[in-house]
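The values are calculated or read from the model by the stated rules, or taken from the named source; none is laboratory data. Predicted model, so just to flag it, every value in this text is computed and none were measured. Here the Cβ is made from the backbone with ideal geometry for all residues, glycine too, and neighbour counts use every protein chain on show.
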Amino acid sequence: MNGKQRILLTGATGYVGGKLLKELEPLGHEIQCLARNPDKISNVGPNTTVFQGDVRVRESMQDAFRGVDIAYYLVHSLSDKHDFEQHEQEAAESFAFMARSNGVKRIIYLGGLGNEDDGLSPHLQSRQDVGRVLRGSGVPTIELRASIVLGAGSLSFEMIRALTEHLPFMVMPKWVSVKAQPIGIRDLLDYLIQSMDLPLANGEIFEIGGTERVSYRELMAEYARQRGLKRLMIPVPFLTPWLSSHWLGLVTPLYAAVGRKLIESIRNPTIVEDFSALERFDIKPSNMAEAIGQALAAEQEEFVQPDWLENVLMRAGTDTHRVLHDKNRLVDHRFSTVRQSPQILFQTVSSIGGTNGMFACNALWRFRAWVDQLVGGESTRHRRTGSEPLTAGDAVDFFRVERVETDHRLRLKTEMKLPGSAWLEFLINGTPEGTVLHHAVIYEPKGFAGRVYWYLTYPAHALVFRGMHKAILRDAILREANAGASAA
């Protein structure tokens, strides 16, 4: 099956599907994505088409299935509050029918590890039931069964991160010693891509994982080690998965709905028992430490990309002020639409610091600088007039310029002493309705102290940055008026 293929990709708005899309596009295949919310898929390549549809509604998938050679099934219903098993069954049956009716040559499905003889959790049982439906479609099907996916953005990894980052000590119930065989996202993507060309007669199941069988406790300990966090782990005999799932909802509300179903599955060992994948695929899996290190490095690489903030803001909705979460980062975001030009707004925000100050609440900024020096910080006030052009590497009061894109973007990183790292970013976009000024405070807390700092200082920060945003808009109006008067 080598050569150019027409591929149907479901789940492209999810973590694995989104990563797979970016891997498939450079290979030259024609890709047809199916999504309930197509607007969540952006910046696609020239050979990618996005269709709106729902895997539970057969008629809505017809256009997306047209001419397809290979269909990836990467969807689940874990976020559904009720009857998720029934929803997953209905979706798999609809997808299998459409694949068979449209002459699809191969289905590739990502399911879950676990031995049915042990009595699987509802989540894992549903994952395997879906695979059974797809294999019974009559279309040759590869079912890849995996355990925890180690990659920044995957549900399991983010749950490990949230628990480890948020809590200085953790009670460890017995179930955290149950073994799993986690797989790094890079290895998983390789398995998914190589599955397109693997010789296949009918349906086959491949169990895939990393090189080690480890527990959630060992995963959290390794994550803490690589992040430089000291964590006390206390074993207790009485916390059941059900009780722990509710505790998770308090500690990590962002992942509570899905995380509870995942925790209920931890009682089942998810380890590789059939090693045929190592013989049939040309892949040498990573170990746990390598996969976690790769995940953290990939996250940092993603953050330094020019469009990182734009990608985060795709999930921001229409609220003019909102606190967003992106993996381990918190983003306090404000935006306004004004009639001033992008050039005027950029000149205004790039005048920050020096004799112009920080636009608002300058006394509070001076107090914060004094506190910084008191606790041993090395930041100093780097004076500038506010009129000279900024370039990457310039020092501006308590900040260092990281990125400048004239008339479009300015990102500064604070040099003040913090239990974490913080940035101030201005993004300016011209639109038919006017110029949009996005003003984001980005904070990456380190451990429990970092979270405490965020919540304790948030009221003051809200006051300061709300004032800064309003002052920038006022200054832009004055700058425009002065420019008009000079021209006259």
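The single condition from (1) at positive phi; (2) touching a strand residue (DSSP E or B) at 6+ places or on another chain (Cβ under 7 Å) that LYS105 fails is (1).
Of all residues in segment 316-344, those being part of a loop (DSSP other than H, G, I, E, B) and more than 30 Å from ASP475 (Cβ to Cβ) number 2. State whether one or more residues within segment 177-185 are surrounded by fewer than 16 Cβ atoms within 10 Å (Cβ to Cβ) and of a type outside the set (Gly, Ala, Ser). Checked against the condition, which is being surrounded by fewer than 16 Cβ atoms within 10 Å (Cβ to Cβ) and of a type outside the set (Gly, Ala, Ser), segment 177-185 yields at least one hit. Applying the criterion of being surrounded by 13 or more Cβ atoms within 10 Å (Cβ to Cβ) and modelled with pLDDT under 85 to the residues of segment 373-395, the residue that is nearest to TRP423 (Cα to Cα) is SER379.
Within segment 446-453, is even one residue in contact (Cβ under 8 Å) with a residue 40 or more places away in the chain, under 26 Å from GLY393 (Cβ atoms) and among the aromatic types (Phe, Trp, Tyr)? No, segment 446-453 has no match at all.
Given the criterion surrounded by fewer than 21 Cβ atoms within 10 Å (Cβ to Cβ), within 27 Å of the chain's Cα centre (by Cα), farther than 30 Å from LYS230 by Cα and without any contact (Cβ under 8 Å) to a residue 24 or more places away in the chain, identify the matching residue among VAL436, VAL401. Talk me through it step by step, then tell me what you get.
Numbers: VAL436 fails: without any contact (Cβ under 8 Å) to a residue 24 or more places away in the chain.
Exactly one residue qualifies, and that residue is VAL401.
Give the residue that is surrounded by the fewest Cβ atoms within 10 Å (Cβ to Cβ), with candidates limited to residues of segment 257-314 that are at pLDDT 90 or above and hydroxyl-bearing (Ser, Thr, Tyr). Checking each candidate, the answer is SER276. Scanning segment 73-95 for residues that are in contact with a Gly (Cβ under 7 Å, 6 or more places away or on another chain) and either modelled with pLDDT of 95 or more or surrounded by fewer than 18 Cβ atoms within 10 Å (Cβ to Cβ) (or both) returns a single hit, LEU74.
Taking the criterion of being buried (at least 17 other Cβ atoms within 10 Å of the Cβ), farther than 17 Å from GLU165 by Cα and either within 21 Å of the chain's Cα centre (by Cα) or without any contact (Cβ under 8 Å) to a residue 24 or more places away in the chain (or both), the residues of segment 419-433 that qualify are TRP423, LEU424, GLU425, LEU427. Number of residues in segment 159-197 that are more than 30 Å from PRO26 (Cβ to Cβ) and either of a type in the set (Gly, Ala, Ser) or in contact with a His (Cβ under 6 Å, 6 or more places away or on another chain) (or both) equals 3. If you go through segment 99-119 and keep only what is crowded, with 21+ Cβ neighbours inside 10 Å and under 17 Å from GLU85 (Cβ atoms), you end up with TYR109, GLY111, GLY112, GLY114.
Each residue in segment 287-305 was checked for being touching a Lys or Arg at 6+ places or on another chain (Cβ under 7 Å) and outside any helix (DSSP H, G or I), and 0 pass.
Scanning segment 186-241 for residues that are of a type in the set (D, E, K, R), in contact with a helix residue (DSSP H, G or I) (Cβ under 8 Å, 6 or more places away or on another chain) and part of a loop (DSSP other than H, G, I, E, B) yields a count of 3. All of (1) buried (at least 17 other Cβ atoms within 10 Å of the Cβ); (2) touching a residue at least 60 places away in the same chain (Cβ under 8 Å); (3) in a loop (DSSP other than H, G, I, E, B) hold for THR13 with one exception: (2). Selection of segment 405-427 for residues being over 11 Å from SER350 (Cβ atoms) and of a type in the set (A, V, I, L, M) yields MET416, LEU418, ALA422, LEU424, LEU427. Listed by position, the strands (runs of 3 or more DSSP E) enclosed by segment 96-176 that each have at least 2 residues that are at pLDDT 90 or above and under 21 Å from LEU34 (Cα atoms) are 106-112, 141-146.
One residue stands out in segment 199-218 among those that are of a type in the set (A, V, I, L, M) and at pLDDT below 95: the one that is surrounded by the most Cβ atoms within 10 Å (Cβ to Cβ), namely LEU200. Any residue in segment 57-70 that is among the β-branched types (Val, Ile, Thr) and not in a strand (DSSP E or B)? Yes, some residue in segment 57-70 is among the β-branched types (Val, Ile, Thr) and not in a strand (DSSP E or B). LEU410: outside any loop (DSSP other than H, G, I, E, B), outside the structural domain of ARG225 (by TED's automatic domain parsing) and touching a helix residue (DSSP H, G or I) at 6+ places or on another chain (Cβ under 7 Å), yes or no? Criteria met by LEU410. Could you list, in sequence order, the residues of segment 174-224 that are under 23 Å from LEU20 (Cβ atoms), aromatic (Phe, Trp, Tyr) and within 22 Å of the chain's Cα centre (by Cα)? Result: TYR191, single match.
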